[in-house]
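Reading through the structure tokens given below for one structure.
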Amino acid sequence: MAVVTVDFDGTLYQGDSFKVMFQVAKQDYGLKEWSVVGAGLVKSVALGLVKGKEAFKHEFFRSFARSFKGKTQEELADFFDKLARHDLERVHYELVEVVKHHQAQGDEVVVLSGALMPFLKAFTREVGLNDVETIGTQLVFDDQGLCKGQIGRIINGEEKVTQLKAWLDKRGKSADDETLYAYADSESDKPLFEFVDYPYVVNPDEKMKEISVQKSWLFFEPSNK
């Protein structure tokens, strides 16, 4: 048995969840929500000019989460269900089948991603990935169950390794005792790839291909290529 981690954006889903959120928000959002998103975009662009692309993405992620302020978990569940159903042609169905094969072998599967937890849960249900764990960025709720418009720590880079270690520890396991797989796509996944036994690079860009060859990481090659 093994523990298998699978990334979401660019991996299980071969697109950009930010863009999908925008598309679904066009149908659901009013002026109040869009004013929050617009203000956040301005702040994110300014920060990105100073600190780079990753800082822009993270700040905009936080800004978009502010538009959820005051919404109930049920309202958000409806939004993320629409999100999960919106762009299914971009699902990496061959990788979904590989994940199911891991499960059939008795491996434990964890979808490990910076995407929001409600989105990951809705997505895994939609594509039939039952009995998988999900570790993602958490939305923060108050005592009345209303979203505070805040998120927890973004599950990205080194944080993926931290979260995986914590997940193993809760189950009385460690990386020394388990065979670990990772399926992911980007440079930000380097710490995770270096941590696991079998790093599979999915849909890499040219720079990631170069890094992967240098590191002797494995490439996930769909059979239809």
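For the stretch 133-213, I need the span (max minus min coordinate) of the C-alpha atoms along each principal axis, in Å, sorted largest to smallest.
50, 34, 17
Using only alpha-carbon positions, what ratio does the radius of gyration of the stretch 1-129 give when scaled by 2.2 N^0.38 Å?
The reported ratio for this selection is 1.17.
Could you please put His101, His58 in sequence from largest to smallest accessible area, using a 1.4 Å probe?
His101, His58
Kindly work out what percent of the DSSP beta bridges joining two residues of the chain are antiparallel, to the nearest 5. Walk me through the intermediate numbers first.
Details: 4 of 24 bridges.
Within the chain, antiparallel bridges account for around 15 percent of the total.
Give me the mean projected area, in nm² to one decimal, of the convex hull enclosing the Cα positions of the stretch 66-196.
So the mean shadow area of the Cα hull is 8.9 nm².
Specify the residue with the greatest mean-square fluctuation among Pro199, Pro191, Pro118, computed from a Gaussian network of the chain linking alpha-carbon atoms under 10 Å apart.
Checking each option, the largest mean-square fluctuation is seen for Pro191.
For the stretch 1-71, what is the convex hull (Cα atoms) projected area averaged across all directions, in square nanometres? Write out the running numbers ahead of the final one.
Numbers: hull surface 27.0 nm².
Directional mean of the projected Cα hull area for the stretch 1-71 stands at 6.8 nm².
Keeping all protein chains in place, calculate the accessible area per residue for the chain (probe 1.4 angstrom), answer in Å².
It amounts to 52 Å² per residue over the chain.
Enter the angle in degrees (range 0 to 90, nearest 10) between the Cα long axis of helix 158-170 and the first principal axis of the Cα atoms of the chain, meaning the one along which they spread out most.
Between helix and principal axis, roughly 70 degrees.
So how do Phe220, Phe80 rank on accessible area, 1.4 Å probe, biggest first, that is with the largest at the start?
On the way: Phe220 30, Phe80 0 Å².
So the residues, ranked largest to smallest area, are Phe220, Phe80.
If the elastic network links every pair of Cα atoms under 10 Å, which of Ile135, Ile155, Ile211 fluctuates the most in the Gaussian network model of the chain?
In this elastic network of the chain, the residue with the biggest mean-square fluctuation among Ile135, Ile155, Ile211 is Ile211.
Any chance you could list P(r) for the chain, counting all Cα-Cα pairs in 5 angstrom bins from zero, rounded to whole %?
Per 5 Å bin, starting at 0, the Cα pair percentages come out as 1, 6, 14, 18, 19, 17, 12, 8, 4, 1, 0.
In whole Hz, with x marking every Gly and Pro, tabulate ³J(HN,Hα) for the stretch 11-21 from phi via Karplus 6.51 cos²θ - 1.76 cosθ + 1.60, θ = phi - 60°.
With coefficients 6.51, -1.76 and 1.60, one gets 10, 5, 10, 8, x, 10, 5, 4, 5, 5, 4 Hz.
Between the helical axis of 93-104 and the dominant principal axis of the chain, each derived from Cα atoms, what acute angle in degrees is found, rounded to the nearest 10?
Long axis of 93-104 versus the principal axis of the chain: about 60 degrees.
Over the stretch 32-178, what percent of the accessible surface lies on carbon and sulfur atoms, probe 1.4 Å?
48
The values are calculated or read from the model by the stated rules, or taken from the named source; none is laboratory data. These numbers come from a predicted model, not from an experiment. To get the accessible areas, we keep the full protein, side chains included, count just its heavy atoms, and leave off ligands, DNA and RNA. Shrake-Rupley method; radii C 1.70, N 1.55, O 1.52, S 1.80 Å.
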